[in-house]
Amino acid sequence: MESKQLVFLALQVSIWATVLSFGLKAKTDEGRYLAQHTNLLARAIVAMLVVMPVAAIILARLFDFDPNVEVALIALSLAPLPPLLPGKETKAGGSSAFAIGLLAVLGLLSIVSIPASLQLLERLFGTPLRMPPAGVAGIILKSILAPLLLGLAIRGFAPGLA
């Protein structure tokens, strides 16, 4: 295995383990947090799925960035949520229940939002961009939902182990 492949594998394992740890720390009553704070959830969704991509597109249009930088900037703005955010959010005084719930909700929403955003970007930039919802769903399932649900299951069935 090449060093590039090893680094990529290590990154995937690191993300998976990080998300698993969030599930291991989650409490059963935290699942209701998002239902009780729908206004906060709605604002977060608009900020992440509308405001950030629009800001990235405006920056890409205003400045003469290298095309690779433009692609990276816009791609990062479309990413559903970095898996490390819940840890950083709680360290900054935010609610872990909100952070973990947001991770799951935005992961699920990205199955639709990423292909839709790519279609809009294709029209805007005239560059063919495609990612089928099934492809996004596979990535979200493997990198966010599976480790999060496994952590929650371990926490539920073996709290001492968690």
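The values are calculated or read from the model by the stated rules, or taken from the named source; none is laboratory data. None of the values given here were measured: they were computed from a predicted structure. All Cβ positions, glycine included, derive from the backbone under ideal geometry; neighbour counts span all protein chains shown. Areas reflect the complete protein model, heavy atoms only, side chains present, ligands, DNA and RNA absent. Shrake-Rupley method; radii C 1.70, N 1.55, O 1.52, S 1.80 Å.
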*asked:* So the check is Cβ under 7 Å with 6+ separation or different chains; which pairs have a first residue in segment 49-64 that's surrounded by fewer than 16 Cβ atoms within 10 Å (Cβ to Cβ) and a second one that's not polar (S, T, N, Q)?
replied: Leu59/Leu73
*Of everything in segment 98-135 that's more than 20 Å from Val46 (Cβ to Cβ) and of a type in the set (Gly, Ala, Ser), which residue is surrounded by the fewest Cβ atoms within 10 Å (Cβ to Cβ)?*
Gly126
*How about segment 53-79: which of its residues are of a type in the set (Val, Ile, Thr) and within 11 Å of Ser117 (Cβ to Cβ)?*
Val54, Ile57, Ile74
*asked:* Could you tell me how many of the residues in segment 5-25 are small (Gly, Ala, Ser), out of contact with any Leu (no Cβ under 6 Å at 6 or more places or on another chain) and either open to solvent by less than 40 Å² (accessible area, probe 1.4 Å) or within 18 Å of Leu148 (Cβ to Cβ) (or both)?
replied: 3
